[in-house]
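Have a look at the structure below, then the notes.
The values are calculated or read from the model by the stated rules, or taken from the named source; none is laboratory data. Computed from a prediction, not measured in an experiment: that's the story for all the values here. Neighbour counts run over all protein chains shown; Cβ positions are idealised from the backbone, glycine included. With ligands, DNA and RNA removed, areas are computed over all heavy atoms of the protein, side chains included. Shrake-Rupley method; radii C 1.70, N 1.55, O 1.52, S 1.80 Å.
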Amino acid sequence: MATHIHNESASIDALHHEHTQEHAHEHEHHHEESFIRKYIFSEDHKIISKQFLITGLFWAFLGGLMSVIFRLQLGFPEMKLEFLRPLLGTWINETGKLDPNFYLALVTMHGTIMVFFVLTAGLSGTFSNFLIPLQIGARDMASGFLNMLSYWFFFASSVVMFISLFVETGPAAGGWVVYPPLSALPQAMPGSGLGMTLWLVSMSLFIVSTLLGGINYITTVINLRTQGMSFARLPLTIWAFFVTAVLGLLSFPVLFAAALLLIFDRSLGTSFYLSEIYIGGEALPNMGGSPILYQHLFWFLGHPEVYIVLLPALGITSEIIATNARKPIFGYKAMVGSILGIGFLSFIVWAHHMFTSGMDPFLGSVFMFLTLIIAVPSAVKAFNYITTLWRGNIIFTPAMLFSVGLVSLFISGGVTGIILGNNALDIQLHDTYFVVAHFHLVMGSASFFGMVAGIYHWFPKMFGRMMDEKLGYIHFWLTFIGVYLVFFPMHYMGIAGFPRRYYSFTGFDAFKSFVDLNAFMSVAAIIAFSAQLIFAFNFFYSMFRGRRAPQNPWGSNTLEWTAPINPGHGNWIGDIPKVYRWAYDYSKPNADKDGFTDFIPQNIPLYQTPHSNLPHEQELAKIQEAEDREMKKLVG
Amino acid sequence: MVNFILGLIVCLILIIAFMLFRVQTIVSIVKGHPRVGFSNKVNAALMLILPIAGVIAAGWYSGIAAKYYLPEAVSIHGKQTDFLFWVAIYIIVAMFLVTNAALFYFAYKYQYKEGRKVTFFYDNAQLEMVWTAVPAIILTVLVLWGNKVWWNMMSIPEDQKKQALQIEIMGKQFGWYTRYPGKDNKLGRYDFRLIDEVNEFGLDFEDKASEDDFMPKELHIPVGKPVVLNVRARDVLHSVFAPHFRLKMDAVPGMRTQFFFIPTKTTAQMRAELGKPDFNYEIACTEVCGKGHFAMKYIIVVEEEKEFKKWYAEQKPFLENNPEYRGKGMKSLLKKNLADSEKNKKQKELAEL
């Protein structure tokens, strides 16, 4: 008995010893941090990414809920919405209907929230932060401090925007583009009062956050790549995040300028956007400004913003499709080329949002040419995804399902861009439901699918646990069907000329049709939204109670899966892995002879896989071997 | 009470769903977790079944809804854009079907199978060339065609420009107002500082051209004759949208915009064809402008030239109805303002003394 106890205590001692050793080891990378420094004001890119993610999901829920409320009005114009009074108060008027001003506020906030807070901060903020250091082999971002600031500026911006929902005159309501003079004149609508001021403050903070984040992503990708991680070996995710950050860095300052001038016009009596206005029974003193100037400034950001939202989703998809098709991504170079091409072109197409603004027809011509060029790299990307599936061995994880869904949505929403980009055709369709259908499919839903796919795929790395797959499947199919049922019918309405941002269509003979279709779409929207609750449950439940994740659950090649299951601050214990090959050696012929299954991670030297190397890699293998031998000598 | 019971039922359903979920999880843990299970087959099958069902449903609905989705074009340029539109629609529907079919078929066909040989196919210059070139060619054709139609719309031939009927349309919160040039076919000057409750347009009656301008309740235009809409806004952005005419132009405060078109069918003809005696051509607003954005309706009446001329002759100029505005204009307003400020200044000085 005594010996037994002795043995036990000895083993405990040994355990303890091991533990302290491990602890000492960790100590090399980071010192003990207080709760606040570790989880709140953290400089660890992984924690910051989770902060972006949780905040983004909060906003996604809110933005989605808003769309359900205005879909109720659109689908069931006669419905009494008394039951929403506890939530919306006086925004439900005496007759039990949604107040038209509040309808516009809902539409505006839905757009703002989804585009900026969910699909920019929630998507880029989460995955650029999480994946850039882990996939390029860096211990953290170039500046952890700026990274932390980036999140907290976003947080402050979120708080201001959230507060604006509760002010008496309501939040901003002039559409997410907030065109002046409507947004500049408080007398034009209640939403242009305090709500608009808060919108501008919030967006200014948001821009600061984006710039801090972007500068950090760019610097990190350029400077902190591990040994061997040349640009030509970067996973496509990183390429996408990198170009996204560059786009943001070049375009967001222009939005800042636009917002600043609008603030001046609102508060300091300047006339940048205002001229010859008679409103509320008086002629305003402003002369010489131009509302069109604002539109140019806004869309100079606004169009790249579409790609800021979309590119990360496409990058994530590239990674997931290759991994789960167990096949290299087709046309890596073409994919990189398309990302760069789209990035460049996105800056010179902005005025296609303004074909009917009264600008010079010659300008309209030029922008049509440029706009339709951008369809070519987009088409190349779609074809390459499809070819990647061809003769693969596809495993439908929830992430893979969402990625395939994304490609479908990207195509379906993309093709209508060919019509809208054509200025002669845009005249009829501009600001109708056709546009709503187009961008909700190609930008909204596709990017949202990319974000969800990314969450399913990297959840094990983020939380060390797996999400439930079956719930994931149900979530996917309900969402996928729901999204198509909501947005596909909008094309019919758009072709019939139904204008967007209409509270009700009953006033016009021309827009009397499609009553049933509108109701149908609203039901589909409610189903699609409810499906997100399944996801929310899966997400939070799995975070604490999910199955424990193995180190590399999807059999993936990229570096993040070589890090410990729950990586600490610093990501890798010991040396950072070195990179010897690209990220897409899936199902390489003869890999089994080298002792590998259907994937060879990036950190495996070519000289360890002599049988599976392609002819041009044999030479490289020799060089790598010589280099490593040299290195060993130096270190040894 | 009913609400309470409903709530209780919902709670029960949620609890049952949660229990089922737990059981499922525990069973899957006990049974062990295969890399690829039966659900892969189910998902792959759905990848085939649902898109096919979707396409059938969309095709079926397109047939039903055909009578709603694009009203007949009743302007010359509208017929051109419609033709291009339908050609483009057929092209993009073809693209949509072919690429989505490939996507979902491959997803189904190459679903996971134990021991399937994956083709290590990562690059092919010819293929890349093909699918860069094909969209590029299709797009070039559409762009050049679209550009031609665009310039047909935007450049007005000199002779038509001269004989075109000039009409002004002004948007304000929340309605449209139109003004005709009267007998001289010249729209008079205006200034936003002259606007008041009666003189909605801010017409300057020191300008002779303003004297015979009239503002009707509806927009009348003669069929087959060129019309130039001069668009303006007096408070915030609006946008004139007349769906039947394929006409849309933003109304911008401080900047005049124009839209040129030739109507091809009278309201009476359209009523007869549709069998709807109360049919009217409408104008709507398509730039969000505030609370009443969805209710800025205005009627366009297209009629035979004879009827139009008769109607035109019957309209009374603004000045005839409001003779007190005769001679009022910017010059007198500025003079008055100047005198007022002088007076104020003097009074101030006096007060200071």
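Here are the numbers:
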read-out: Unit charges on C-beta of K, R, D, E only; dipole of the protein assembly as shown, Debye; value: 1400
read-out: Relative contact order, percent, chain B [alpha-carbon distance under 8 Å, six or more residues apart]; value: 16
read-out: Centre separation in Å (Cα based) which lies between the range A:285-310 and the range A:582-621; value: 50
read-out: In Hz, Karplus ³J(HN,Hα) per residue of the range A:92-107 (6.51, -1.76, 1.60; θ = phi - 60°; x = Gly, Pro); value: 8, 7, 4, 7, x, 10, 5, 5, x, 5, 6, 4, 5, 4, 4, 4
read-out: Set B:LYS276/B:LYS297; A:LYS97/B:LYS217; A:LYS80/B:LYS297 screened for pairs whose C-alpha atoms are more than 29 Å apart; value: A:LYS97/B:LYS217
read-out: Three-way shape call for the range A:315-382 based on the alpha-carbon gyration tensor, with the a/c threshold at 1.5; value: prolate
read-out: Separation in nanometres of the label points that stand 7 Å from Cα toward Cβ, at A:VAL366 and A:LYS38; value: 5.8
read-out: Angstrom value of the Kirkwood radius, inverse mean 1/r, which spans all Cα pairs in the range A:574-635; value: 12.2
read-out: Length-normalised contact order for chain A - Cα pairs under 8 Å, 6+ apart - percent; value: 14
read-out: Zone residues, the range A:343-377, relative to B:VAL98, backbone N less than 18 Å from point 7 Å out along Cα-to-Cβ; value: A:375-377
read-out: Unit charges at the beta carbon, dipole of the protein assembly as shown: most positive-side option, A:VAL336, B:MET270, A:SER192; value: B:MET270
read-out: Karplus-derived HN-Hα couplings along the range A:366-374 (A = 6.51, B = -1.76, C = 1.60, θ = phi - 60°), whole Hz, x at Gly and Pro; value: 4, 6, 5, 4, 5, 4, 6, 4, 5
read-out: The range A:349-416 versus the range A:539-576: alpha-carbon centroid distance in Å; value: 33
read-out: Hz values of 3J(HN,Hα) by residue in the range A:412-418 - Karplus curve (6.51, -1.76, 1.60), Gly and Pro given as x; value: 5, x, x, 4, 6, x, 4
read-out: Gain in span if fully extended, B:ARG271 to B:ALA45, counting 0.36 nm per residue against the direct Cα distance; value: 76.3 nm
read-out: Full-extension gain in nm, B:VAL130 to B:TRP60, via 0.36 nm per residue minus C-alpha separation; value: 21.9 nm
read-out: Length added when fully stretched, A:ASN223-A:SER530, from 0.36 nm per residue minus Cα-Cα; value: 106.2 nm
read-out: Three-way shape label, the range B:140-293, alpha-carbon gyration tensor, a/c 1.5; value: rounded
read-out: Rounded to whole Å, sorted largest first: equivalent-ellipsoid semi-axes of chain B, Cα gyration tensor; value: 60, 32, 23
read-out: The range B:163-324 - percent relative contact order, Cα under 8 Å, separation 6 or more; value: 25
read-out: In Å², nearest 10: area of B:ILE156 left accessible to a 1.4 Å probe; value: 40
read-out: Given A:LYS588/B:LYS41; A:LYS46/B:LYS31; A:LYS381/B:LYS148; B:LYS208/B:LYS265; B:LYS161/B:LYS248; A:LYS327/A:LYS578, the pairs whose alpha carbons are separated by over 27 Å; value: A:LYS46/B:LYS31; A:LYS381/B:LYS148; B:LYS208/B:LYS265
read-out: Most fluctuating residue given options B:TYR122, B:TYR177, B:TYR68, as computed from a GNM of chain B linking Cα atoms under 10 Å; value: B:TYR122
read-out: Which of A:ILE623, A:ILE600, A:SER612, positive extreme of dipole for the range A:574-635 (C-beta unit charges); value: A:ILE623
read-out: Shape call, the range A:115-164: gyration tensor on alpha carbons, a/c limit 1.5; value: oblate
read-out: Estimated Rh, the range B:1-150: Kirkwood, alpha-carbon pairs, angstrom; value: 21.7
read-out: With all protein chains modelled, accessible area of A:PHE369 [1.4 Å, Å²]; value: 80
read-out: For q = 0.12 Å⁻¹, Debye-computed log10 I/I(0) when each Cα of chain A counts as one equal scatterer; value: -1.30
read-out: Sequence-distant lysines (8 or more away, or on other chains) whose Cα lies within less than 17 Å of A:LYS50; value: A:LYS38, A:LYS461
